[in-house]
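For reference, the structure is listed below as structure tokens.
The values are calculated or read from the model by the stated rules, or taken from the named source; none is laboratory data. Here the structure is a predicted model, which means the values were calculated and not measured. Ideal geometry is used to build each Cβ from the backbone, glycine not excepted, and the neighbour counts take in all protein chains shown. What goes into the accessible areas is simple: the full protein's heavy atoms, side chains included, and nothing from ligands, DNA or RNA. Shrake-Rupley method; radii C 1.70, N 1.55, O 1.52, S 1.80 Å.
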Amino acid sequence: MKKIFFYASCCLSVALISACNKFLEKAPDNRALINTPEKVSQLLGTAYPQGNYQPFAESMSDNVTDIGNGSTDNTIHDPYFFIDTKENQQDSPEFYWYACYAAVAAANQALETISKVNNPDDYITQKGEALVARAYAHFMLVNFFSKFYDATTASTDPGIPYVTEPETVFIKQYERKTVKDVYDMIEKDLIEGLPLIEDKSYTVPKYHFNRAAAYAFATRFYLFKKDYEKVIQYAKLVVPGNNFAPNLRQWNTTYKNITDVTELFKIYAKATENANLLLVETQSLWARNYYTNRYGVDVVKEQQIFPRPDLLTGGNFAFAIYSVYSGTHLLVPKIDEYFVKASINAEIGFPYVMVPLFTVEEVLFNQTEAYAYTGNINGAIANLNVYASTRINNYSPTTNNITADKINAVFGTTDIKQGLIKAVLYYKRAEFIHEGMRWFDILRYKIPVVHTTIDGQTLTLGADDLRRVLQIPQSTSLSGLAPNPR
């Protein structure tokens, strides 16, 4: 479907994104049927972007290379070449843009409903979830489609529209707030919503912004904003007592003992996995594309990302790494696809994947980085050792122990703070392979990206390259939004 307006408030789920025009056939007040806390909770099930950023974020990063064979889906090809893709189907930046604003629409509809009820105290938890979900969708949008937050320029850098009410007209005019404005509004929603969330309101808390997931979001938000004391504060609320070890994925024990790769695919994004804090269902082809696409992980990239032995511990990573697609592609089994038929007897339908949006691993890394910047060197090193204890085969706290001397020696640093940052980025790159998280670190630290091709081309994305900011969809020009410069 060609989208001809900016804010798809009619699209309360990704399934509806492909049929937004049908909204115009319905009375605007049909949503008055959402009149109980339970119905608002159902609506909030669609207040999370049901599109996937992992494919294009991973493809722009330094985690992938031109393998020379495999499929060449435009949603993977164009980001690899740093091209503003015209693709608007699942896994594209445009699809993700509208998925985020569809999530915002659901959150805003919930908040408007709550504002009109006679018993608002019965909707407290729903209000908290709506506010935090609205903050998250805008947070992801501003970090992909605007310059990355920099306190010295954020007050002038163009942001994205921060939408706080349901759209009631066909084409509404919007303005691009500054990045600072957007961050301020995200923080306002986040701080207001956090204390209202109650986990007991959810049947499966990990499919909603439960307390731990909301606190994890706060650690990422404040890390990007460089408010490190708050990162530490919220990380301790995610994992009381900093008891990270039993809440991380147990790659060198439980996961290692699973020999059937299909089982590994199934457990990574399960709600019963302690490490998963927030899961979302997304319409996506990423589960099949990330190991069959021409632009992916080969043996050379594997050696860069998972060196043997591990640089800091001297042991070997326990990640399950499989060689597939004629032995040229490598993958860590994470993302499993399930297919939903268009109807009972249909042969066509939609592919979906369940993806973790926040994990305990990320919280540990966020806290470790914040410790480094605030001078808690011992705390940062302790966190790295806890992480390594679940990732290194036959880990021994004696022989594999990470120390300040090892960190400085490996990364060639004399300032342990800088060494710790390099260590965090090194382990995060391995931990979140295939998940797009590396792209945020590339943006935060202005890491150059060099892509090469089989036929000898070299494409470089410099520290200040304008292409680091994704182009907003062309269709938004009808709503008065100026494109990003190129």
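Can you tell me which of Asn378, Asn385, Asn394 is more than 17 Å from the chain's Cα centre (by Cα), farther than 16 Å from Phe244 by Cα and at pLDDT 95 or above? If you could, list the steps in order and put the result at the bottom.
Numbers: Asn378 fails: farther than 16 Å from Phe244 by Cα; Asn385 fails: farther than 16 Å from Phe244 by Cα.
Matching residue, one of Asn378, Asn385, Asn394: Asn394.
Residues are listed down the side, and each one gets a yes or a no for (1) open to solvent by less than 10 Å² (accessible area, probe 1.4 Å); (2) within 22 Å of the chain's Cα centre (by Cα); (3) modelled with pLDDT of 95 or more:
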site	(1), (2), (3)
Asp91	yes, yes, yes
Phe95	no, yes, yes
Asn119	no, no, yes
Gly128	yes, yes, yes
Phe144	yes, yes, yes
Thr156	no, no, yes
Asp189	yes, yes, yes
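In segment 442-486, which residues are more than 24 Å from the chain's Cα centre (by Cα) and aliphatic (A, V, I, L, M)?
Once the filter is applied, which keeps residues that are more than 24 Å from the chain's Cα centre (by Cα) and aliphatic (A, V, I, L, M), segment 442-486 yields Ile454, Leu459, Leu478, Leu481, Ala482.
Take segment 193-209 and flag every residue that is open to solvent by 10 Å² or more (accessible area, probe 1.4 Å) and of a type outside the set (A, V, I, L, M).
Across segment 193-209, the qualifying residues are Pro195, Glu198, Asp199, Lys200, Ser201, Tyr202, Thr203, Pro205, Lys206, Tyr207, His208.
How many residues are part of a loop (DSSP other than H, G, I, E, B) and either under 19 Å from Gly375 (Cα atoms) or in contact with a strand residue (DSSP E or B) (Cβ under 6 Å, 6 or more places away or on another chain) (or both) if we restrict to segment 402-444? Steps first, please.
Keep residues of segment 402-444 that are part of a loop (DSSP other than H, G, I, E, B), which gives 402-403, 412-415, 432-436.
Retained after the next criterion (residues that are either under 19 Å from Gly375 (Cα atoms) or in contact with a strand residue (DSSP E or B) (Cβ under 6 Å, 6 or more places away or on another chain) (or both)): 402-403, 413-415.
Of the residues in that region, 5 qualify.
Are any residues in segment 447-486 in contact with a Leu (Cβ under 7 Å, 6 or more places away or on another chain), surrounded by 13 or more Cβ atoms within 10 Å (Cβ to Cβ) and charged (D, E, K, R), and if so, which ones?
Once the filter is applied, which keeps residues that are in contact with a Leu (Cβ under 7 Å, 6 or more places away or on another chain), surrounded by 13 or more Cβ atoms within 10 Å (Cβ to Cβ) and charged (D, E, K, R), segment 447-486 yields Arg467, Arg468.
Would you mind finding the one in Ala404, Ala430 that is open to solvent by 20 Å² or more (accessible area, probe 1.4 Å), in contact with a helix residue (DSSP H, G or I) (Cβ under 9 Å, 6 or more places away or on another chain) and in contact (Cβ under 8 Å) with a residue 24 or more places away in the chain?
Working: Ala430 fails: open to solvent by 20 Å² or more (accessible area, probe 1.4 Å).
Only one candidate qualifies: Ala404.
Write out, first by first residue and then by second, each pair whose Cβ atoms fall under 7 Å of each other, whose residues are 6+ apart or on separate chains, and whose first residue, in segment 60-76, is at pLDDT below 95 while the second is among the hydrophobic types (A, V, I, L, M, F, W, C) and open to solvent by less than 40 Å² (accessible area, probe 1.4 Å).
From segment 60-76, the pairs are Thr75/Phe56.
Any idea how many residues of segment 31-63 are surrounded by 23 or more Cβ atoms within 10 Å (Cβ to Cβ) and among the small types (Gly, Ala, Ser)?
The number of residues fulfilling the criteria is 5.
Taking into account only those residues within segment 166-185 that are open to solvent by 50 Å² or more (accessible area, probe 1.4 Å) and β-branched (Val, Ile, Thr), which is nearest to Glu112 (Cα to Cα)? Before the answer, list the steps.
Of segment 166-185, the ones open to solvent by 50 Å² or more (accessible area, probe 1.4 Å) are 168-173, 175, 177, 180-181, 184-185.
So of that shortlist, the ones also β-branched (Val, Ile, Thr) come out as 168-169, 171.
Details: Thr168: 12, Val169: 16, Ile171: 20 Å.
Filtering segment 166-185 for residues that are open to solvent by 50 Å² or more (accessible area, probe 1.4 Å) and β-branched (Val, Ile, Thr), the one nearest to Glu112 (Cα to Cα) comes out as Thr168.
Condition (residue is at pLDDT 95 or above, closer than 16 Å to Glu369 by Cβ and not small (Gly, Ala, Ser)) applied to segment 447-470: is it met by at least one residue?
Checking segment 447-470: at least one residue is at pLDDT 95 or above, closer than 16 Å to Glu369 by Cβ and not small (Gly, Ala, Ser).
State which residue is nearest to Tyr136 (Cα to Cα) when the search covers only segment 298-321 and only residues that are open to solvent by 10 Å² or more (accessible area, probe 1.4 Å), in contact (Cβ under 8 Å) with a residue 40 or more places away in the chain and out of contact with any Phe, Trp or Tyr (no Cβ under 8 Å at 6 or more places or on another chain).
Once the filter is applied, the top-ranked residue is Lys301.
How do the pairs read when you match residues in segment 103-132 that are touching a residue at least 12 places away in the same chain (Cβ under 8 Å) with residues anywhere that are among the aromatic types (Phe, Trp, Tyr), using Cβ under 6 Å and keeping only pairs 6 or more apart or on different chains?
Sorted first by the residue in segment 103-132, then by its partner, the pairs are Ala103/Tyr48; Ile114/Tyr123; Glu129/Phe209; Val132/Phe209.
Would you call Val163 more than 15 Å from Leu470 (Cα to Cα), in contact (Cβ under 8 Å) with a residue 60 or more places away in the chain, open to solvent by less than 10 Å² (accessible area, probe 1.4 Å) and not in a helix (DSSP H, G or I)?
Details: more than 15 Å from Leu470 (Cα to Cα): yes; in contact (Cβ under 8 Å) with a residue 60 or more places away in the chain: yes; open to solvent by less than 10 Å² (accessible area, probe 1.4 Å): yes; not in a helix (DSSP H, G or I): yes.
So Val163 fits the description; yes.
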